[in-house]
């Protein structure tokens, strides 16, 4: 082969190796889903409009859950900001839902939760703010259901975002302040959608396929 | 003007074309790795001339949760290489003004390339400011291809000055066919950018779906791109082989034709693999970069033939003058 041809091939291979490594460097770390061992125990909460929310509402949907309280000064604003980002990201995917469970039910009445929801731009059923008048019920749900410590509430609430699969089993925990949170969450949910294809059918059938502007 | 001035100019033009191709590669990398907004501002990056490499260096007004140093530096590399290419073209235009002020065919496209590369830098800013508006991103790529084609035009004019014997014996009209191929390749690239835009739009709109679901949704434009691409590759192979067989092309020109054929075929295979394998990113970079190489090769092919035809016309005219004499 001619010398220039060899040089060209080597150059192309070099450039492609470079792009491969850059793309890999830019990628988020691999996401490992947990085995679906623990399903949430029976629970009955109410949303910000007083409507019941139970285990049945987890079925057939992927759920991102978090524990917050609206007066919270430190972690919650960031947690809710991240969740709002995800909520917007999945606007065309009705089978991905978000639940924020208050650990301060005495202060976080339905009205307060409604205001908090509005503040974060919630306009539909995909993000719900849940409460139970008895704090102990929340503590039990958090510790025995979500397997996270809940001490000295409300300030001591867990700050993880928990991903539940379409059967209501815990599949992943993410740190709210992980730099890659959005990216790893996307990856985890996409993985789960492969496992539970029913969650993506709606998005597909919605059929409002428009060209980009 | 001296032979040496032409050689220097030609060498500089070759270096410039190589630099532009490296830039197009980096640009494709920016696009595919999603680094387009790696720097939220322009021309500086996070308000700095040397962008941050870690979260600690990030100025306080920026959200550390959106900062990814790799993407930031990929985007910044695109800008740095862009500046270098701009300087290359500036020098080229300077050389053209100094040494080829009377050669309109070298002077004008050199200066045009300089103006367009400045416009291209401004367009790069608009890409960032417009939050990666699909039309602007596509325009940014197409502009790069126009610039590289202009540079190849300049390069081929300089080459002709040193190599007045021309490239081959060809009947005229052959170059027109190849010019048609060049336009067809540009159209195919525009179609390809539409496929890419659609997939990107889908991935933003439906993050739960996977690559194959997106491809399924983008089927209409995808089929158009593949069908047209297959026809185009067929045309390049057919026309190229015919010319290689029927005309005595110079070694240089026949290498150019063979490379065009090879790239067209590689593109066809890579295109099919992209669909089969779920659009792996490195392959996307490769596919896009090869297409810009094809633009350059087909342009060179066209200009080589055109030079040869002109030379032939001169020969014909000369011989008819001899005959009448």
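The values are calculated or read from the model by the stated rules, or taken from the named source; none is laboratory data. A quick note: this is a predicted structure, and the numbers were derived from the prediction, not measured. Backbone-built Cβ (ideal geometry, glycine too); neighbour counts: all protein chains shown.
For a quick check of your reading: which helices (runs of 4 or more DSSP H) sit entirely within segment B:212-325 and have at least 2 residues that are at pLDDT 90 or above and in contact with a strand residue (DSSP E or B) (Cβ under 7 Å, 6 or more places away or on another chain)? Give the derivation first.
Numbers: elements: B:219-246, B:251-277, B:281-324.
The helices (runs of 4 or more DSSP H) meeting that bar are B:251-277.
Check A:102, A:109, A:54, A:46 and return the single one that is away from chain B (no Cβ under 14 Å) and over 22 Å from the mean Cα position of the chain (by Cα). Let's see the steps before the verdict.
Working: A:102 fails: over 22 Å from the mean Cα position of the chain (by Cα); A:54 fails: over 22 Å from the mean Cα position of the chain (by Cα); A:46 fails: over 22 Å from the mean Cα position of the chain (by Cα).
Result: A:109 is the single residue among A:102, A:109, A:54, A:46 that is away from chain B (no Cβ under 14 Å) and over 22 Å from the mean Cα position of the chain (by Cα).
Among the residues of segment B:96-110, write down those that are surrounded by fewer than 17 Cβ atoms within 10 Å (Cβ to Cβ) and either in a helix (DSSP H, G or I) or in contact with a helix residue (DSSP H, G or I) (Cβ under 9 Å, 6 or more places away or on another chain) (or both).
From segment B:96-110, those surrounded by fewer than 17 Cβ atoms within 10 Å (Cβ to Cβ) are B:97-98, B:101-102, B:104-105, B:108; that's our starting set.
Selection gives B:97, B:98, B:101, B:104, B:105, B:108.
Out of the residues in segment B:201-210 that are assigned to a helix (DSSP H, G or I) and crowded, with 18+ Cβ neighbours inside 10 Å, state the one that is farthest from the other protein chains (Cβ to nearest Cβ).
Restricting attention to segment B:201-210, the residues satisfying the condition of being assigned to a helix (DSSP H, G or I) are B:201-205.
Next, only the ones that are crowded, with 18+ Cβ neighbours inside 10 Å stay: B:201-202, B:205.
Working: B:201: 4, B:202: 8, B:205: 5 Å.
The extreme case among them is B:202.
Checking residue A:143 against (1) in contact (Cβ under 8 Å) with a residue 60 or more places away in the chain; (2) part of a helix (DSSP H, G or I); (3) over 29 Å from residue B:213 (Cβ atoms), only one condition comes out false. Which one?
(1)
Look at residue B:285 and say whether it is in contact with a helix residue (DSSP H, G or I) (Cβ under 6 Å, 6 or more places away or on another chain) and more than 16 Å from residue B:181 (Cβ to Cβ). Outline the logic, then answer.
Details: in contact with a helix residue (DSSP H, G or I) (Cβ under 6 Å, 6 or more places away or on another chain): yes; more than 16 Å from residue B:181 (Cβ to Cβ): yes.
For residue B:285, the condition - in contact with a helix residue (DSSP H, G or I) (Cβ under 6 Å, 6 or more places away or on another chain) and more than 16 Å from residue B:181 (Cβ to Cβ) - is met.
Is it the case that some residue within segment A:132-149 is crowded, with 21+ Cβ neighbours inside 10 Å and in contact with a helix residue (DSSP H, G or I) (Cβ under 7 Å, 6 or more places away or on another chain)?
No, the conditions are met nowhere in segment A:132-149.
If you go through segment A:93-111 one residue at a time, how many are farther than 26 Å from residue A:196 by Cα and either touching a strand residue (DSSP E or B) at 6+ places or on another chain (Cβ under 7 Å) or surrounded by fewer than 19 Cβ atoms within 10 Å (Cβ to Cβ) (or both)? Show your work before the answer.
The first filter runs over segment A:93-111 and keeps only residues farther than 26 Å from residue A:196 by Cα, leaving A:102-111.
Right, trim to either touching a strand residue (DSSP E or B) at 6+ places or on another chain (Cβ under 7 Å) or surrounded by fewer than 19 Cβ atoms within 10 Å (Cβ to Cβ) (or both) and you get A:102-103, A:105-111.
Total satisfying the criteria: 9.
Could you list, in sequence order, all residues of segment A:184-213 that are modelled with pLDDT of 75 or more, out of contact with any strand residue (DSSP E or B) (no Cβ under 9 Å at 6 or more places or on another chain) and at the interface with another protein chain (Cβ under 9 Å from one of its Cβ atoms)?
A:186, A:190, A:194, A:200
Scan segment A:148-171 residue by residue and report those that are assigned to a strand (DSSP E or B), away from every other protein chain (no Cβ under 14 Å) and under 24 Å from residue B:213 (Cα atoms). I'd like the intermediate steps shown before the answer.
The initial filter retains those residues of segment A:148-171 that are assigned to a strand (DSSP E or B), namely A:160-164, A:169-171.
Now restrict to residues that are away from every other protein chain (no Cβ under 14 Å): A:160, A:162, A:164, A:169-171.
Listed by number, the residues that qualify are A:164, A:171.
For segment B:29-50, give me each residue that is within 8 Å of chain A (Cβ to nearest Cβ) and in a helix (DSSP H, G or I). Give the derivation first.
Filtering segment B:29-50 down to residues within 8 Å of chain A (Cβ to nearest Cβ) leaves B:29, B:32-35.
If the condition is that a residue be within 8 Å of chain A (Cβ to nearest Cβ) and in a helix (DSSP H, G or I), then B:29, B:32, B:33 are the ones that fit.
Among the residues of segment B:51-81, what is the count of those that are farther than 16 Å from residue A:27 by Cα, at pLDDT below 85, within 11 Å of chain A (Cβ to nearest Cβ) and not in a loop (DSSP other than H, G, I, E, B)?
2
Where the second residue is surrounded by fewer than 16 Cβ atoms within 10 Å (Cβ to Cβ) and the first is under 13 Å from residue B:155 (Cα atoms) and lies in segment B:103-117, which pairs have Cβ atoms under 8 Å and are six or more apart or on separate chains?
From segment B:103-117, the pairs are B:107/B:97; B:107/B:101; B:110/B:97.
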